[in-house]
Amino acid sequence: MSFWDYLVWFFWFYIAISCIWIFITVIIDVFRDRTLNGWAKALWVLFLVFFPFLAAFIYLIARGRSMAERRAGEMRQAQTETNDYIRTVANTASPAAEIEKAKGLLDSGAITPAEYDSIKSKALAAA
């Protein structure tokens with residue numbers, strides 16, 4: 001096997017993997033699309049099974065923009081959920097840390113003993 005045979009084999013392997021990737025992406029998008037009813041999804045899948053290249057090209061041309069919008073929406077939603085989770089985790093301080101911070105404020109004279117007791121009871125109640 002010569003070097004050029006290897007390059008040709010590698011090229012066709014790349015093309016095959018790319019086609020499989022496109023077909024899987026289109027099928028996943030068909031099932032994630034909430035605007036399509038069951039019959040339309042079934043027809044797209046049948047079309048993709050029997051005429052894969054033609055169906056993939058038609059789908060990408062006809063529905064490519066909505067495909068990109070759905071993907072961008074999913075990414076925005078995932079980012080929002082991640083940010084919300086990080087905020088909830090970051091805001092939870094241990095009761096001991098809250099009491100320690102309140103004790104420092106009490107020692108510095110920033111709060112009164114009554115306020116310290118209130119903070120301490122809230123921290124212990126949250127635990």
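The values are calculated or read from the model by the stated rules, or taken from the named source; none is laboratory data. Every value quoted in this text rests on a predicted model; they were computed, and no experiment measured them. Cβ sites come from the backbone with ideal geometry, for glycine too, and all protein chains shown count toward neighbours.
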statement: In the stretch 14-43, anything assigned to a loop (DSSP other than H, G, I, E, B) and touching a residue at least 24 places away in the same chain (Cβ under 8 Å) is listed as 33, 35
message: Is it the case, given these coordinates, that residue 41 is in contact with a helix residue (DSSP H, G or I) (Cβ under 8 Å, 6 or more places away or on another chain) and not hydroxyl-bearing (Ser, Thr, Tyr)?
response: yes
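Rundown of residues vs (1) modelled with pLDDT under 90; (2) within 30 Å of residue 118 (Cα to Cα); (3) under 25 Å from the mean Cα position of the chain (by Cα), yes/no style:
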residue: 5; (1), (2), (3): no, no, no
residue: 14; (1), (2), (3): no, no, no
residue: 39; (1), (2), (3): no, no, no
residue: 53; (1), (2), (3): no, no, no
residue: 60; (1), (2), (3): no, no, yes
residue: 105; (1), (2), (3): no, yes, no
statement: Condition set among the aliphatic types (A, V, I, L, M) and either surrounded by 12 or more Cβ atoms within 10 Å (Cβ to Cβ) or touching an Asp or Glu at 6+ places or on another chain (Cβ under 7 Å) (or both), scope the stretch 51-72, selection farthest from residue 20 (Cα to Cα): answer is 67
task: Evaluate the following for residue 86: is it surrounded by 10 or more Cβ atoms within 10 Å (Cβ to Cβ) and either within 24 Å of the chain's Cα centre (by Cα) or assigned to a helix (DSSP H, G or I) (or both)?
output: yes
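Could you please give the count of residues in the stretch 32-50 that are hydrophobic (A, V, I, L, M, F, W, C) and either closer than 21 Å to residue 72 by Cβ or surrounded by 15 or more Cβ atoms within 10 Å (Cβ to Cβ) (or both)?
5
Can you confirm whether the stretch 44-60 contains a residue that is assigned to a loop (DSSP other than H, G, I, E, B) and either assigned by TED's automatic domain parsing to the domain that holds residue 16 or small (Gly, Ala, Ser) (or both)?
The answer is yes; a qualifying residue exists.
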